[in-house]
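What follows is a set of notes on a single structure, which appears directly below.
The values are calculated or read from the model by the stated rules, or taken from the named source; none is laboratory data. For clarity, every value in this text was computed on a predicted model and none was experimentally measured. Note: ideal-geometry Cβ built from the backbone for every residue, glycine included; neighbour counts use all protein chains shown. Note: areas computed on protein heavy atoms with side chains; ligands, DNA, RNA excluded. Shrake-Rupley method; radii C 1.70, N 1.55, O 1.52, S 1.80 Å.
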Amino acid sequence: MPASNVASEEHSSEEPFETSEGRANEGRRRIDSLSNILHPFDSSSLVKSARLISPLTPPSNRMGNTPSDSSSSPGDIWDIWTRDDEEEARLLARRESAGGTGATTGMSSDVVSQTGAEGVTGGGATTEQGFGNAPAATPEEAEEGPEPVLDQCGLDPGDWVEVPQPSRIKETRLTAEEQTRFRGHLARIFSDEAYWGQRLQFDPDDVNEVMEKVIPYLESESMLIQDVPYDIVIVADLHGQLHDLHHIFDIDAKDGKPGWECMKYLFLGDYVDRGRQSLELVMALFCIKMLHPDRIFLLRGNHEFYTANARYGFPLDFHERYTNEETAKYLYFKVNYAFCYLSVAAIVGDTYYCAHAGISPTGFSRALMSRIKKPYLNSQDDIMPHDVMWGDPADGLHGLTFDTDRGTSMWFGYDELAAALDNMDCKAMFRGHTALKTGYQVVGDMCISLFSCVGQSCNKGATAYLDPRGRLTMRVTDIDEERVEWDAMLLRLDGQVPDYRDVKTKFGQLTPADKAAAPAEIIGIKTF
């Protein structure tokens, strides 16, 4: 029996369309009938992905993918709804709304053989060539012309109205007096006493001033910073460990000048929590940003939201410095408000996409991300930035699935990463967000993960240097067992009792593979 007749007979047993349940059943029937005639998607290809979320896509998954038992390869767990499938769905819907199930394009040759020479029957005219040919355009369609190529959100790019983007501040706007005052803050923060763990007692007015004055510099950068140059060091999670920031800047110091005056830096977020000197670290980075706005770029991590850092120790940084509870609360929320103006991603050398965590399946493009407005208050206000600051890659996964480890966002496979990088017109991604024993990990020549704070998970720390030609050198800092034990003792004295570990035992369990040299795509590795 022809496929279209089967669909017509099945409809007679359904409930009327006038009820909401009837409409839902009819929608499911159309989806089931459509899935039987569309080509299965070969998810082993890295360049195809879920580009659009169709009106006919089952609502069970917000990312446009549906669980499938008919994957094209044994390792596939998702059958991905593609742009071609979207067009097929629209064409089928137009045909059925016109009163018949006419011919569609791109359908299986098996369906053609089932219909035979009789073609397809329905409310409309019969075609002699079956499902293999495209339908003739109606007079209305001929007048309208071809359908436009839609973007990831199903919108016509030609309908967009260009919104003026902010002009990034590249030179300091501080007065001479303010520059002197902020350099004084930096001298205290990078003193030997602070290096060995002494918490600085900042005047509340000084903290408030830094948070107020840094906002225009951060606000002048779009949510996606697209003009970050090569010859730059990429730094990942620091988590309140000020001595690691000391070490990173010392590597590039020359002729008596600090590292931030000799090298450019891109920080991937997670400046606060867990460590003891989160406030010092934030004050240092914000002061440098105002003194040298074109030498340092600051992105936002998932811990730069009060909903996260309220649970991981950042409030203690204030309550243990300031005896007045109202002052401590005010400064805590003042710093978090300044975080709302941080960007979430950057592109280095027009080649490397950089973010704290990963990618998003929703509207992931340069144009859409750069148009998200600041201040950005809550992580889940927009799903794209939320995924960019929370997602994780997963080995062996095809497509996307919920991140059960973190309880939010998603795991993404490397096929999705390849498609996302193609959307961004980039070759590879730099990310943080994941504690790594060796400090870094490179997967598939397109995902470079870094972790820059040393010892928090019995790990080495790593940063990445991209030279003026865009070549990559890893900078790895070995674990200092005495320093880790020293920090643990200071935490005990502060009243923060972490889950203490026997550092020597843990570090001794690292395998030779964990301690191996850099992979071939890295041109050099330096150990400090």
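What is the number of the single condition among (1) open to solvent by less than 10 Å² (accessible area, probe 1.4 Å); (2) at negative phi that residue 323 does not meet?
In the conditions (1) open to solvent by less than 10 Å² (accessible area, probe 1.4 Å); (2) at negative phi, residue 323 misses (1) alone.
If you check 452, 457, which single one turns out to be closer than 20 Å to residue 269 by Cβ, free of Cβ contacts under 8 Å to residues at least 24 places away in the same chain and in a loop (DSSP other than H, G, I, E, B)?
457
Would you check if residue 148 is modelled with pLDDT under 70 and either acidic (Asp, Glu) or open to solvent by 30 Å² or more (accessible area, probe 1.4 Å) (or both)?
Answer is yes for this residue.
Look at segment 328-371 and say how many of its residues are more than 14 Å from the chain's Cα centre (by Cα), open to solvent by less than 40 Å² (accessible area, probe 1.4 Å) and more than 14 Å from residue 304 (Cα to Cα).
So the count comes out to 6.
Can you say whether residue 296 is in contact with a strand residue (DSSP E or B) (Cβ under 9 Å, 6 or more places away or on another chain), among the aliphatic types (A, V, I, L, M) and open to solvent by less than 10 Å² (accessible area, probe 1.4 Å), as far as the supplied structure shows?
For residue 296, the condition - in contact with a strand residue (DSSP E or B) (Cβ under 9 Å, 6 or more places away or on another chain), among the aliphatic types (A, V, I, L, M) and open to solvent by less than 10 Å² (accessible area, probe 1.4 Å) - is met.
Does residue 376 satisfy being over 16 Å from residue 423 (Cβ atoms), touching a helix residue (DSSP H, G or I) at 6+ places or on another chain (Cβ under 9 Å) and not in a loop (DSSP other than H, G, I, E, B)?
Here the answer is no, as residue 376 does not meet what is asked.
This table checks each residue for (1) modelled with pLDDT of 95 or more; (2) in a strand (DSSP E or B).
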site	(1), (2)
395	no, no
406	no, no
419	no, no
422	no, no
430	yes, yes
434	no, no
437	no, no
441	no, yes
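Name the residue, out of 367, 338, 284, that is among the hydrophobic types (A, V, I, L, M, F, W, C) and out of contact with any Leu (no Cβ under 8 Å at 6 or more places or on another chain).
On inspection, the qualifying residue turns out to be 367.
Mind checking which pairs have a first residue in segment 391-411 that is in contact (Cβ under 8 Å) with a residue 24 or more places away in the chain and of a type in the set (S, T, N, Q) and a second that is part of a loop (DSSP other than H, G, I, E, B) and open to solvent by less than 10 Å² (accessible area, probe 1.4 Å), Cβ under 6 Å, 6 or more apart or different chains?
Close Cβ pairs satisfying both conditions: 409/391; 409/403.
Mind checking which residues of segment 235-274 are in contact (Cβ under 8 Å) with a residue 60 or more places away in the chain, in a loop (DSSP other than H, G, I, E, B) and open to solvent by 10 Å² or more (accessible area, probe 1.4 Å)?
241, 258, 274
If residue 312 satisfies every condition in (1) surrounded by fewer than 23 Cβ atoms within 10 Å (Cβ to Cβ); (2) at pLDDT 95 or above; (3) assigned to a loop (DSSP other than H, G, I, E, B) but one, which is the exception?
The number of the failed condition is (2).
Within segment 203-234, track down each residue that is under 15 Å from residue 288 (Cβ atoms) and either surrounded by fewer than 17 Cβ atoms within 10 Å (Cβ to Cβ) or not charged (D, E, K, R) (or both).
Residues satisfying the conditions are 210, 211, 214, 217, 218, 232, 233.
Among the residues of segment 419-445, how many are surrounded by 18 or more Cβ atoms within 10 Å (Cβ to Cβ) and not hydroxyl-bearing (Ser, Thr, Tyr)?
Number satisfying all stated conditions: 16.
Find all pairs meeting these conditions: Cβ atoms under 8 angstrom apart; at least six residues apart or on different chains; first residue within segment 276-292 and under 20 Å from residue 484 (Cα atoms); second residue among the charged types (D, E, K, R) and assigned to a helix (DSSP H, G or I).
Close Cβ pairs (under 8 Å, with a partner that is among the charged types (D, E, K, R) and assigned to a helix (DSSP H, G or I)) amount to 276/317; 276/487; 276/494; 277/317; 278/317; 279/317.
Here is a list: 210, 214. Which entry is more than 21 Å from residue 252 (Cα to Cα), in contact with a His (Cβ under 8 Å, 6 or more places away or on another chain) and part of a helix (DSSP H, G or I)?
Of the residues listed, the single one that is more than 21 Å from residue 252 (Cα to Cα), in contact with a His (Cβ under 8 Å, 6 or more places away or on another chain) and part of a helix (DSSP H, G or I) is 210.
So residue 355 ticks every box in (1) more than 23 Å from residue 436 (Cβ to Cβ); (2) in contact (Cβ under 8 Å) with a residue 60 or more places away in the chain but one. Which box is left unticked?
Every condition holds for residue 355 apart from (1).
Taking into account only those residues within segment 175-199 that are outside any helix (DSSP H, G or I) and buried (at least 17 other Cβ atoms within 10 Å of the Cβ), which is modelled with the highest pLDDT?
190
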